[in-house]
Amino acid sequence: MKALEVVEKLQQRFPNQPEYFQAVTEVLESIEEEYNKHPEFEQANLVERLCIPDRIIKFRVNWVDDKGNVQTNMGYRVQHNNAIGPYKGGLRFHASVNESILKFLAFEQTFKNSLTTLPMGGAKGGSDFSPRGKSNNEVMRFCQAFMRELWNYIGPDCDVPAGDIGVGGREVGYMYGQYKALTHNFVGVLTGKGQEFGGSLIRPEATGYGTVYFLQNMLNTRNIDIKGKKVLVSGAGNVAQYTIEKLLELGAIPMTCSDSDGYIYDPDGIDEKKLAYIMELKNVERGRIKEYAEEYPNAKYVAGKKPWFEKADIATPCATQNEINEEAAKAMVANGVIAVSEGANMPSTPEAIKVFQDAKLLYCPGKASNAGGVAVSGLEMSQNSERLKWSREEVDAKLHSIMNDIHESCVKYGTEPDGYINYVKGANVAGFLKVAKAIMAQGII
């Protein structure tokens, strides 16, 4: 297998899908050497079977806004691979959603879920509907309409969606209610549910906490203490909030927060009180991050920019894909950043990743460092199946253990002759081998 030849063939078959090809190229280039050690993989055309989704479900979603007007959006579910377990992956409600983005996310999810060691395949879905600016009733009507189209393709042993950008506890609750009404079944078909109806403790915190647990493991390889380190955080949603919470718990100093309009930089650091303000602002008031600078005048607000040009020790991108480009990566290296642990999915461009690796930074891709979210989703599935509820301490301990195991796998497959740990290669090879062996064992289907 030659990675670039495979990508070129895929591009001819599926044109105009840049995010998907970015993800496929990164994985295939890093697993090429390992793949070619197994001639049986090539004989079975495993590479195309890994790259092309099992199926893509596309549908129109009609819903009625508060003015009585009928609105139309597109809905999708990309079921990528279920060789090691039921399809599992979030739903994203955002104006940017399209088939390319969901294919890249489902492809990445397949390897991420493999890394968790839990029996979960890879999928992703969503809609170009954005909850921003909509009333609760409008969001409810959209979620119900979306689920009316999706329900027949999902189930606790088939495909278990979760939340993602634009899909939080409110949206999951509305969708779960509609699924239950349609099927007359109370089963664990969605994760990220409320505590009152089958949700797992630590699930809201899991992606952010896991990102920091993985960061700790990376720093430990160089005997570096996280305490006192200044950290750039992007995003202001669920992942960013709980990344900041865990950083504070461990003694680090978060300096930034952002949304799609711009970012704030607080030279005094974001403490527990300021984090509580951010959570209230974003989760309850659904305001914009610029209001932080109005509440805390010592902080500055920079409109239309991302925080990567500020000086710090560590970066945790927790917003969206391709938010760190080559220019930003070079600035981060020049400003003394020693580690990057991704809380978002594919937030660094290929050019940025090369800058990090050439500088020998501790850099980990999101498929490993942000796998805590789907790991606890898997634990929620287990609790639902057993009709049990585990304590906060139990779930957090399991999450911490899973992140440690993922780090060990990355070190095993990613350590280069000079001792540098290539976490991209380590994560991709470890995730790939498990999925590949399962596909081979199940025959041509």
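Overview of results
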item: From the options Val231, Val284, residue that is modelled with pLDDT under 95 and closer than 28 Å to Asp396 by Cβ; result: Val284
item: Matching residues in the stretch 322-360 - criterion: being of a type in the set (Asp, Glu) and open to solvent by 20 Å² or more (accessible area, probe 1.4 Å); result: Glu326, Glu327, Glu351, Asp358
item: Selection status of Glu393, crowded, with 20+ Cβ neighbours inside 10 Å and acidic (Asp, Glu); result: no
item: Any chance Phe21 is part of a helix (DSSP H, G or I), surrounded by fewer than 23 Cβ atoms within 10 Å (Cβ to Cβ) and of a type in the set (A, V, I, L, M, F, W, C); result: yes
item: Within the stretch 272-299, considering residues that are open to solvent by 90 Å² or more (accessible area, probe 1.4 Å) and of a type in the set (Lys, Arg), the one farthest from Val231 (Cα to Cα); result: Arg286
item: Residues that are touching a Ser or Thr at 6+ places or on another chain (Cβ under 6 Å) and either part of a loop (DSSP other than H, G, I, E, B) or of a type in the set (Ser, Thr, Tyr) (or both), drawn from the stretch 214-234; result: Ser234
item: Of the criteria (1) over 30 Å from Arg132 (Cα atoms); (2) touching an Asp or Glu at 6+ places or on another chain (Cβ under 8 Å); (3) at pLDDT below 95, which one Glu386 fails; result: (2)
item: Count - residues of the stretch 214-232 that are free of Cβ contacts under 8 Å to residues at least 40 places away in the same chain and of a type in the set (Lys, Arg); result: 1
item: Filtered residues of the stretch 198-232 (kept if among the hydrophobic types (A, V, I, L, M, F, W, C), open to solvent by less than 30 Å² (accessible area, probe 1.4 Å) and more than 22 Å from Ile324 (Cα to Cα)); result: Ile202, Ala206, Ile226
item: Helices (runs of 4 or more DSSP H) lying entirely in the stretch 95-213 (those with 3 or more residues that are in contact (Cβ under 8 Å) with a residue 40 or more places away in the chain and within 20 Å of the chain's Cα centre (by Cα)); result: 99-115
item: Residue count, the stretch 252-265 (criterion: more than 18 Å from Val337 (Cβ to Cβ) and either open to solvent by less than 10 Å² (accessible area, probe 1.4 Å) or assigned to a loop (DSSP other than H, G, I, E, B) (or both)); result: 4
item: Residue ranges of helices (runs of 4 or more DSSP H) in the stretch 340-427 with at least 2 members of a type in the set (Val, Ile, Thr), over 21 Å from Ser200 (Cα atoms) and in contact with a strand residue (DSSP E or B) (Cβ under 6 Å, 6 or more places away or on another chain); result: none
item: Ile84 surrounded by 16 or more Cβ atoms within 10 Å (Cβ to Cβ), touching a Lys or Arg at 6+ places or on another chain (Cβ under 8 Å), among the β-branched types (Val, Ile, Thr) and within 24 Å of Ser30 (Cα to Cα); result: yes
item: Selected residue (criterion: most open to solvent (accessible area, probe 1.4 Å)) from residues of the stretch 396-410 that are in contact with a Ser or Thr (Cβ under 8 Å, 6 or more places away or on another chain) and more than 10 Å from Ala375 (Cα to Cα); result: Asp405
item: Any hit, the stretch 46-68, residues being free of Cβ contacts under 8 Å to residues at least 12 places away in the same chain and open to solvent by 20 Å² or more (accessible area, probe 1.4 Å); result: yes
item: Pick from the stretch 28-39, criterion in contact (Cβ under 8 Å) with a residue 24 or more places away in the chain and out of contact with any helix residue (DSSP H, G or I) (no Cβ under 7 Å at 6 or more places or on another chain), ranking: most open to solvent (accessible area, probe 1.4 Å); result: Asn36
item: Some residue of the stretch 184-197 being β-branched (Val, Ile, Thr), within 26 Å of Ala23 (Cβ to Cβ) and surrounded by 24 or more Cβ atoms within 10 Å (Cβ to Cβ); result: yes
item: Residue count for the stretch 233-251, restricted to those that are open to solvent by 10 Å² or more (accessible area, probe 1.4 Å), touching a residue at least 40 places away in the same chain (Cβ under 8 Å) and closer than 16 Å to Asp271 by Cβ; result: 1
item: Pick from the stretch 123-164, criterion charged (D, E, K, R) and closer than 21 Å to Arg286 by Cβ, ranking: most open to solvent (accessible area, probe 1.4 Å); result: Arg132
item: Residue count for the stretch 323-339, restricted to those that are in contact (Cβ under 8 Å) with a residue 40 or more places away in the chain and assigned to a loop (DSSP other than H, G, I, E, B); result: 3
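The values are calculated or read from the model by the stated rules, or taken from the named source; none is laboratory data. Every value quoted in this text rests on a predicted model; they were computed, and no experiment measured them. As a convention, Cβ positions derive from the backbone with ideal geometry for all residues, glycine included, and neighbour counts pool all protein chains shown. Areas reflect the complete protein model, heavy atoms only, side chains present, ligands, DNA and RNA absent. Shrake-Rupley method; radii C 1.70, N 1.55, O 1.52, S 1.80 Å.
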